[in-house]
Amino acid sequence: MNTTTGARLRISALVARPLLGLLLSGCGADNRAAGPPLAEPVFEILSAPDQTMVRTRSLSADGSVVGGSGLNDTISRALLWDTTGALRVLAPASAAPFGGSTVQAISADGKVLAGASGNGIIDAPQPAIWRLEDDSARLLASPPGAIAGHATDVSADGTVLLGTMLLEPTATARAVLWRTPEAQPEILEFDDAHALSPDGQTAALCCLPATGLQGQVTDAVVDLRNGASRSAGVPTGFDVCTLSALADTDRAVGTCMRRGVAGTEPESVPVVWNALVPEVITAISGQKSGVLTSLSADGQVAGGYSGFDPFAFEDAHAIVWSESRGAVRLADVLSQAGIAPAASFQLNAVLGVSADGQALIGVAFDRRDPEHRPLPFRVRGLRLEEVP
């Protein structure tokens, strides 16, 4: 849901895609067919270049490939981590000198990456795709009058892509769909694209008035085969709901927000939808706000954070949710699993969950770092049902 005014501000919003408040997904890509499990769970801090901001955004089905971005001198670079944790900076899909890039989503096998790459105009990224099999990068086709945009999500098989574009003449935001990477995009009658189901047949799109509720707004869950849509339920007392990840047509996670009164912050809460009926997740560690960012393919495991800003030091806690145990702090789960990070590390958010729910990616901080720079982390082989 876009609320900024002016083309430049709206383009910048497409680049930043903040997690707080009206969450736009792309950081929750969970694609989607499980690989062989690890014998023991592993926690690791991923290597990072000398960036002012590094964000993991997506992971392959088994968590062996992780994608994201790093901001350096105001230019965003698309980043990729392999199964060893080694870092690779991906070549931009455009040769433009000022074009920044970011990876938003990854296919199940980790060989197709989708996101955005600059076109030479500062703050004007274009939807892009990287193929690791032939080490290629290119821009996706854009509709006439497109100013900027990005690919938000990709199906498990890497063929269907979902995104958002700004269109002339008024910088109007529209959700767009590529039924194949080579196809011309279809402009959808929604303002923004938030998530795509693993099979590429269902999308969470913004926005619809909540059914039967005056003044409330929620995402639509749209069948991309026939255009049929349903609205995600809004919990009592809340105003706006945004889905960040879909398992199928009925199961999703995200956040709902209650508008703040004068002098107070809006309150956002993590929410799980079953049959598109919302369940508000109880706050963790006394935090008033939170978001679920990502979901496993079977809808049984989700990740996110409690707090307001996952990229602000000491302002959030990484959380995991499962059907069996509800929402708990990730730090507590890792301690119980015997793989607690060093005491100096603070886990702020889970930004991605693998297809089988056994791999997680997110952002952490090292309290010993006086500059409080965010660090990417990955957990693999974590079977929540086996943790005491």
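The values are calculated or read from the model by the stated rules, or taken from the named source; none is laboratory data. Treat the numbers as computed from the prediction; the structure is a model and nothing was measured. As a convention, Cβ positions derive from the backbone with ideal geometry for all residues, glycine included, and neighbour counts pool all protein chains shown.
Sub-7 Å Cβ pairs linking a first residue in region 223-236 that is among the hydroxyl-bearing types (Ser, Thr, Tyr) to a second residue that is not in a strand (DSSP E or B), at least 6 apart or interchain, are Ser231/Ala210; Ser231/Thr211, ordered by first then second residue.
Would you point out which residue out of Ala137, Ala156, Ala173 is in a strand (DSSP E or B) and buried (at least 21 other Cβ atoms within 10 Å of the Cβ)? Break it down into steps so the answer makes sense when it comes.
Numbers: Ala137 fails: buried (at least 21 other Cβ atoms within 10 Å of the Cβ); Ala156 fails: in a strand (DSSP E or B).
Being in a strand (DSSP E or B) and buried (at least 21 other Cβ atoms within 10 Å of the Cβ) holds for just one of Ala137, Ala156, Ala173, which is Ala173.
Scanning region 147-170 for residues that are touching a Ser or Thr at 6+ places or on another chain (Cβ under 9 Å) and farther than 20 Å from Trp130 by Cα turns up just one, Leu166. Tell me yes or no: at least one residue of region 61-75 is on the phi < 0 side of the Ramachandran plot, at pLDDT 80 or above and of a type in the set (S, T, N, Q). Within region 61-75 (the criterion being on the phi < 0 side of the Ramachandran plot, at pLDDT 80 or above and of a type in the set (S, T, N, Q)), the answer is yes, since at least one residue qualifies.
Looking across region 71-92, the residues that are of a type outside the set (Val, Ile, Thr), surrounded by 15 or more Cβ atoms within 10 Å (Cβ to Cβ) and assigned to a strand (DSSP E or B) come down to Leu71, Asn72, Ser76, Arg77, Ala78, Leu79, Leu80, Trp81, Leu87. The residues listed here are Thr180, Thr164; of these, the one that is modelled with pLDDT of 95 or more, of a type in the set (Val, Ile, Thr) and assigned to a loop (DSSP other than H, G, I, E, B) is Thr180.
Restricted to strands (runs of 3 or more DSSP E) entirely inside region 281-388, those with at least 1 residues that are within 15 Å of the chain's Cα centre (by Cα) and crowded, with 24+ Cβ neighbours inside 10 Å are 290-295, 301-307, 316-322, 345-353, 360-366, 375-380.
Quick grid of which residues meet (1) among the small types (Gly, Ala, Ser); (2) at pLDDT 95 or above:
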site	(1), (2)
Leu334	no, yes
Ala340	yes, no
Gln346	no, no
Val353	no, yes
Asp366	no, no
His372	no, no
Val379	no, yes
Arg383	no, no
Val387	no, no
